[in-house]
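Everything below concerns the one structure shown next.
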Amino acid sequence: MNEQPQKINPYIVAISVLLPAFLALAASSATNVSQPHIAGFYGATQYEANTVITCYIISGGLMLPVTGYLVRTIGKKLLLYYSIWIFAIGCLLCILAPNLQALIGARVVQGIGSGCILPLCQAVLLEVFPPEQRGLAMGLFGVAAMFSPLAGPFIGGYLTDNYSWQWIFIINIPLCMISFLLVKLFVSNDKPEKQKYNKKFDIIGYTAIVTAMACMQIVLDKGQQYNWFDTTWVCWTTGLCIFAFVFFYVWELEYKYPVIDIRVFKDRNFLFGTLISSFINVMLYSTLLLVPMFVQSLLGYSPSKSGLAMFPRAIICLIGLLAAGEISRHVKPKILAATGLLIMGASVLMLTQLNTTSSIESVIIPNILLCIGVPLAFVPITALSFQTLPSSKNADAAALHALFKNIVTAVATAVSATFIARVSQVRQTYLVEHLSPHNPVFQYKLMMLKSKFLIHYPSVLAAKKASGSLYKELLQQARLASFFDAFTVLALMCVIVIPLLLLIKANKQKTST
């Protein structure tokens, strides 16, 4: 039983586990460009449809803390089986969902299936490749981890535009079946050792983190709809979320068998490295949401054209990840990371120059520049984060690192959508004062439009249409200004986060266990 897997080419095993990893990661972003279609199909607002994205991220994150326990209990191969099946069932439920609430529930199921796939993929790759090729193994995992969520909008846009948004989920089902067969044929069986700690599961700590993240999800998704803290239940839910997070933190510090070891945050490199890595995720996923939203709502792009505008960043990120590893051998990690952050800031600042007449090239070029900066910052920061940790803490640190980034990414996605909705209202308030009868420019534009409409309509109707056209233009300019503000804030954050690099030590890795 144990000799056969060793004869299998490790690259075949890599394909077997990278395919489900690709599906799980692409599913996090493939629905970004189809949000208007999903909202229209169910008669919901685009903001309500944003829950389809955030609930997937949160539910996947909830599985990260328990992955280690499940591996010790049933083994990697069996857990990978179950994860693929649950993911496929979630896709089927998404196709059959009769309303938006059912679709959100189906996405939660899909997210639960995806949560364990990524760490399992990483663990299998580390096992099948010999020690001297583990850098290559993690390079393959890094390429899949960064490339697939960036390729998601292109795939989702093409399927939505040429078929329907349901095809984003339909196409996953046969690919899940192929993944299942590949795992069955090429991934070795592993029977977990029967140890006493296998039976120990921190149900209280896990319940606390589930409660905290569930409350956070509800507040983030429904806060804008119910005017945030002006609503009593939003205040109570926020309070429960904060209490659950604090309880989880204290409990994990005191409990003998914590679901995840919080103490790894005592390591300064890991703490600040995780913060910077989370910020890189914020940049990646916020722009992954905002840019398609911008080009579809203001430039009138179709989902497929929107996905096409985003696809070059996936290719550049793929090349950048391969090149960044080699560059990091010759450039100091902190300098490389600072350079990457500055490039990211410059690229997002370029997005503030977009307007309602921008070409597709003016959208693609800043995205390409962004995905030159992301690998330059991501590779050295990830290495520095785990550099000073004892090897015995790596498993807990990796789970906590991924969990923290998932939480921050979900918050950033919801906050980005809320920012656009709220700031566009603020901008509209400032702009509407210019639509005044005392403003000669407004009067001139109004009379000019009215004279054009008089060709086809009577005087009263022409006046109404002229006023409506100017107000529509005001709404469009207010929304444009909100995107300008959002991109400016993200660019400013790139500069603000650079001093955190000074708090990270560049010592050699500890070998103690």
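The values are calculated or read from the model by the stated rules, or taken from the named source; none is laboratory data. Not measured: the values here are computed from a predicted model. When we count neighbours, we look across all protein chains shown, and the Cβ atoms used for this are built from the backbone with ideal geometry, even at glycine.
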Hey, does region 309-316 have a residue that's over 23 Å from Phe141 (Cβ atoms) and assigned to a helix (DSSP H, G or I)? yes
Checking the structure you have, find out if any residue of region 445-465 is assigned to a helix (DSSP H, G or I), of a type in the set (S, T, N, Q) and modelled with pLDDT under 80. yes
Please go through region 206-231 and give me each residue that is polar (S, T, N, Q), at pLDDT below 80 and within 23 Å of the chain's Cα centre (by Cα), ordered by number. Gln217, Gln224, Gln225
Go through (1) hydroxyl-bearing (Ser, Thr, Tyr); (2) in contact with a Leu (Cβ under 9 Å, 6 or more places away or on another chain); (3) at pLDDT 80 or above and name the single condition Ser482 misses. (2)
Of (1) within 23 Å of Gln476 (Cβ to Cβ); (2) touching a residue at least 12 places away in the same chain (Cβ under 8 Å); (3) part of a helix (DSSP H, G or I), Glu361 fails just (2)
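So that you can scan it fast, the table gives a plain yes or no per residue for (1) surrounded by fewer than 21 Cβ atoms within 10 Å (Cβ to Cβ); (2) modelled with pLDDT of 80 or more:
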{"residue": "Asp396", "(1), (2)": "yes, no"}
{"residue": "Ser416", "(1), (2)": "no, yes"}
{"residue": "Val423", "(1), (2)": "yes, yes"}
{"residue": "Val426", "(1), (2)": "yes, yes"}
{"residue": "Leu431", "(1), (2)": "yes, no"}
{"residue": "Pro437", "(1), (2)": "yes, no"}
Here's a check for you: in region 485-513, which residue that is of a type in the set (Gly, Ala, Ser) and modelled with pLDDT of 85 or more is farthest from Met344 (Cα to Cα)? Ala486
Helices (runs of 4 or more DSSP H) fully within region 18-109 counting 2 or more residues that are under 19 Å from Gly152 (Cβ atoms): 35-42, 46-49, 51-63, 76-96
Filter result (of a type in the set (Val, Ile, Thr) and either part of a loop (DSSP other than H, G, I, E, B) or in contact (Cβ under 8 Å) with a residue 24 or more places away in the chain (or both)) within region 329-350: Val331, Thr339, Ile343, Val348
In region 232-275, anything more than 15 Å from Tyr206 (Cβ to Cβ), β-branched (Val, Ile, Thr) and modelled with pLDDT under 80 is listed as Val264
